[in-house]
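The values are calculated or read from the model by the stated rules, or taken from the named source; none is laboratory data. Note that the coordinates shown come from a computational prediction; the quantities given were computed from them, not determined experimentally. With ideal geometry, Cβ positions are generated from the backbone for all residues, glycine too; neighbour counts draw on all protein chains shown.
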Amino acid sequence: MIAKNKLITAMVTPFTKNGDVDYGAAKELALALSKTGSDGILIGGTTGESPTLSNNEKLELFKSVKEAVNGNADVIAGTTDNNTSESIKLSIEAQKLGVDGLLLTVPSYNKPTQQGLIDHFNMIADSVEIPGILYNVPGRTSLNMEANTTIKLSRHNNIIGIKEASSDFSQITKIITETSGTNFRIWSGNDDETFSIMALGGHGVVSVASNIIGLQISKMIGMILDGNIGSASNLHKDLLPIFEALFWVTNPILIKRALNISGFQ
């Protein structure tokens with residue numbers, strides 16, 4: 001169940017030198033991630049360069065990764081864009097492939113109202129039987145999903161959490177407070193905010209850095225859950241330069257370079 005996932009890795013999408021998706025390399029990386037602390041693996045998210053992938057490529061990636069991890073990690077499929085009907089179609093096809101959950105990203109470019117966001121996500125969630133995680137990333141989409149909107153969407157049975165990458169801690173705190181006591185989860189959408197969001201009551205992280213340092217991030221999460229806040233804080237401080245360095249330029253440029261340096265092509 002993806003609701004139990006503490007560390008979800010936003011996996012990169014490997015390409016060949018010709019620009020084709022390298023499905024073999026994707027399977028290899030996914031298997032490695034499942035052995036280095038990742039409870040879940042997100043395919044077709046921001047780090048996976050989803051806008052550059054066709055729906056057929058996405059579906060083949062979902063299938064390949066699901067086969068590769070063989071139940072050792074959950075597979076979460078990024079299936080949504082700014083077209084509601086196409087998002088529904090891709091979500092249904094991903095469900096047929098056996099993915100464990102969906103990432104439901106705030107639409108870019110269209111700039112819908114907050115009620116429009118509620119309608120968009122409810123329609124997608126109504127179309128499938130597997131759980132979805134909302135994704136608020138205004139730095140990419142130019143639109144912030146407000147706390148009250150998230151709270152309303154949290155009441156849908158198929159919407160079990162949010163990946164919050166707004167860096168608005170007042171907003172994040174309100175979501176955590178208002179959904180306390182429910183089954184709704186809040187994952188940090190930024191590695192450098194994981195410690196702080198979990199200290200506020202957040203559930204975990206959808207991580208970029210865990211493509212290369214999953215064991216260390218998993219260890220930090222474990223420390224927080226065990227109440228070893230001082231040790232977790234020290235490890236967070238040790239990892240912070242890596243978190244920051246990976247975003248000196250647009251993601252996923254540097255995480256892909258880091259994977260290359262570590263031996264993954």
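See the values below:
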read-out: Flag if K256 is under 15 Å from the mean Cα position of the chain (by Cα) and either surrounded by 15 or more Cβ atoms within 10 Å (Cβ to Cβ) or closer than 25 Å to E49 by Cα (or both); value: no
read-out: Condition met for F121 (under 24 Å from A94 (Cα atoms) and among the aromatic types (F, W, Y)); value: yes
read-out: Enumeration of residues in the stretch 109-139 that are modelled with pLDDT under 95 and either in contact with a His (Cβ under 6 Å, 6 or more places away or on another chain) or closer than 21 Å to G48 by Cα (or both); value: Y109
read-out: Count of the stretch 93-147 residues which are in a strand (DSSP E or B) and not hydrophobic (A, V, I, L, M, F, W, C); value: 5
read-out: Yes/no for G45 being at pLDDT 95 or above, within 23 Å of S188 (Cβ to Cβ) and part of a loop (DSSP other than H, G, I, E, B); value: yes
read-out: Residue in the stretch 48-65 that is nearest to S262 (Cα to Cα), counting only those that are part of a helix (DSSP H, G or I) and more than 16 Å from the chain's Cα centre (by Cα); value: S64
read-out: Selection count where residues are in a helix (DSSP H, G or I) and touching a residue at least 60 places away in the same chain (Cβ under 8 Å), scope the stretch 74-92; value: 0
read-out: Which listed residue, of K35, K63, is touching a residue at least 24 places away in the same chain (Cβ under 8 Å), among the charged types (D, E, K, R) and in contact with a Leu (Cβ under 9 Å, 6 or more places away or on another chain); value: K63
read-out: Complete set of residues in the stretch 148-193 that are over 22 Å from I76 (Cα atoms) and in a loop (DSSP other than H, G, I, E, B); value: S167, D168, T179, S180, G181
read-out: Condition check for S167: touching a Gly at 6+ places or on another chain (Cβ under 7 Å), under 21 Å from I255 (Cβ atoms) and among the polar types (S, T, N, Q); value: no
read-out: Selection from the stretch 51-71 of residues that are of a type in the set (K, R) and under 12 Å from T13 (Cα atoms); value: K58
read-out: Checklist (1) of a type in the set (S, T, Y); (2) surrounded by 14 or more Cβ atoms within 10 Å (Cβ to Cβ); (3) assigned to a loop (DSSP other than H, G, I, E, B) applied to S231, failing item; value: (3)
